[in-house]
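Before any comments, here is the structure.
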């Protein structure tokens, strides 16, 4: 299926988002929140996969305030350097405000049923958590979010379901951070947490150094069941 571009309006200007449409609409929407590499082929492929399973998938260019149109990979040292520079310049709080604009835009789109979920990876995993606590997204999923341990107090705002996937050997989320996250959130009525023994950061990124097919499949199946239950 051919992806399209949708323009998202904000008080500060407009930014673009990649959109993949399912065969039948209206359909529930899923906001696919980028890693530190921008809206790259990995993110577009995830959108296409969601569309193939019946969702209106949209991945917004959240680095637009720093550099619009970032599309890099994890395959070279230079790209990793640029990715970390972008991440360090990025304001997560402003990012969530931009995600809120995406949710509002796609919820009102003719191809959307009115239900909107969010799923994020890495930096996007943190943003998915913050999307769950700060927006009216109907359901959110965080894959190996970085920095959530500093924000667990926000869970008191959770009104809708949140699923979290945590890699037990995540080099960017050390054991102490994982303990803080689990201690604060594991008994929260809106939160489901799955941990993956032996897995490192980005175990669900196809083509990545730490990709693990079996656990990626397990996490993705859990996510799909979660969205099916909460976005119908």
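The numbers here are math on the coordinates, done by the rules we state, and not lab data. As the structure is a computational prediction, the values presented were derived from the model and not from experiment. So basically every Cβ, Gly included, is an ideal-geometry build from the backbone, and we count neighbours across all protein chains shown.
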Under 8 Å for C-alpha pairs, at least 6 residues apart: give me the relative contact order for the chain, rounded to a whole percent. 16
Would you please give the FRET efficiency between residue 211 and residue 110, computed as 1/(1 + (r/R0)^6) with r the Cβ-Cβ distance and R0 = 41 Å, to the nearest 0.05? 0.65
Computed from the coordinates I sent, Rg/Rh (Cα atoms, Kirkwood Rh) equals one of (1) 0.93; (2) 0.97; (3) 1.00. Tell me the label. (1)
For segment 156-232, what is the convex hull (Cα atoms) projected area averaged across all directions, in square nanometres? 5.7
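How far, in nm, would the chain grow between residue 180 and residue 12 when pulled straight, counting 0.36 nm per residue and subtracting the alpha carbon separation?
56.9 nm
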Theoretical FRET efficiency, 1/(1+(r/R0)^6), r = Cβ-Cβ of residue 190 and residue 76, R0 30 Å, to 0.05: 0.15
What FRET efficiency would be calculated for the residue pair residue 169, residue 67, taking the C-beta separation as r and a Förster radius of 30 Å, to the nearest 0.05? 0.40
What residue among 177, 137, 17 has the largest mean-square fluctuation in a Gaussian network model of the chain, using Cα springs under 10 Å? 177
Taking the mean number of other Cβ atoms within 10 Å as a proxy for protection, how do you rank 98-107, 126-135, 58-67 from highest to lowest? 126-135, 58-67, 98-107
